[in-house]
Amino acid sequence: MNKLELISALKNETDISKSEAAKVVQIFFDHMADALANDERVEIRGLCSFFVKKYKSYTGRNPKTGEKVAIKPKRLPFFKSGKELKERVNS
Amino acid sequence: MALTKHEIAEQVFNELGFSKKRSIEIIESLIEQIKKSLESGEDVLISGFGKFRVKEKKERKGRNPATGEDAILPARRIVTFNCSGKLRKKINGS
């Protein structure tokens, strides 16, 4: 399912217009992205939670050439499945 | 202090003018659509955000970390998330 299909499904289930559904989906994901960019946790009960993990810089190697590469510090979102989602996916 | 669905519903209320109760219903429905898709084994791909994928895990031997006892972890399905390049850039502030 992609974003357009999600918008369609939301429109059909809630009886709102397509443009309203598109706006809601945009607000939902933009808000989560903004929170993560501000290093804030996201907790959507039953679905999932996210937090930002910080990785220090390290010297890596290009596995093809064996060359040393300096990897800069980075931040990545860490996903955790919610309890309800976990159970439903696995049943 | 974490972002929750209530804050997201608040934003829907502010921007789209649905009542607060209706805004929450709409957000709940959106979350339900995502869960339904994953439950049916179908990935959810959100461009600009990331991919929620359903993965099949095979049965494997594990250990109970508390007791040290051997245990068999049964085959199961889990959800994983792959961050999109756009979100990754946003989080790293570039």
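Summary table
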| read-out | value |
| --- | --- |
| A:Glu67 of a type in the set (Asp, Glu) and modelled with pLDDT of 95 or more | no |
| Only listed residue being in contact with a Ser or Thr (Cβ under 7 Å, 6 or more places away or on another chain), at pLDDT 95 or above, not basic (Lys, Arg) and not assigned by TED's automatic domain parsing to the domain that holds B:Thr4, chosen from B:Phe81, B:Phe49 | B:Phe49 |
| Selected residue (criterion: nearest to A:Phe28 (Cα to Cα)) from residues of region B:29-46 that are outside any helix (DSSP H, G or I) and of a type in the set (D, E, K, R) | B:Asp43 |
| Tally, over region A:20-48, of residues that are more than 17 Å from B:Gln33 (Cα to Cα) and more than 7 Å from chain B (Cβ to nearest Cβ) | 4 |
| Matching residues in region B:16-34 - criterion: being within 9 Å of chain A (Cβ to nearest Cβ) and of a type in the set (S, T, N, Q) | B:Ser23, B:Ser29, B:Gln33 |
| Counted residues, region B:1-21 - those being more than 20 Å from the chain's Cα centre (by Cα), in a helix (DSSP H, G or I) and surrounded by fewer than 16 Cβ atoms within 10 Å (Cβ to Cβ) | 4 |
| Qualifying residue in region B:57-72 (condition: touching a residue at least 24 places away in the same chain (Cβ under 8 Å) and either surrounded by 11 or more Cβ atoms within 10 Å (Cβ to Cβ) or facing another protein chain (nearest Cβ under 7 Å) (or both)) | no |
| Test set (1) more than 10 Å from chain B (Cβ to nearest Cβ); (2) of a type in the set (Gly, Ala, Ser); (3) surrounded by fewer than 17 Cβ atoms within 10 Å (Cβ to Cβ); (4) outside any strand (DSSP E or B) - A:Gly60 fails condition number | (4) |
| Test: B:Lys51 is closer than 25 Å to A:Val42 by Cβ, more than 8 Å from chain A (Cβ to nearest Cβ) and not aromatic (Phe, Trp, Tyr) | yes |
| Failed condition for A:Glu5, given (1) farther than 22 Å from B:Glu42 by Cα; (2) surrounded by fewer than 19 Cβ atoms within 10 Å (Cβ to Cβ) | (1) |
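The values are calculated or read from the model by the stated rules, or taken from the named source; none is laboratory data. Worth saying up front: this structure is predicted, and the values here are computed from it rather than measured. Using ideal geometry, Cβ is built from the backbone for each residue, glycine included, and neighbour counts are taken over all protein chains shown.
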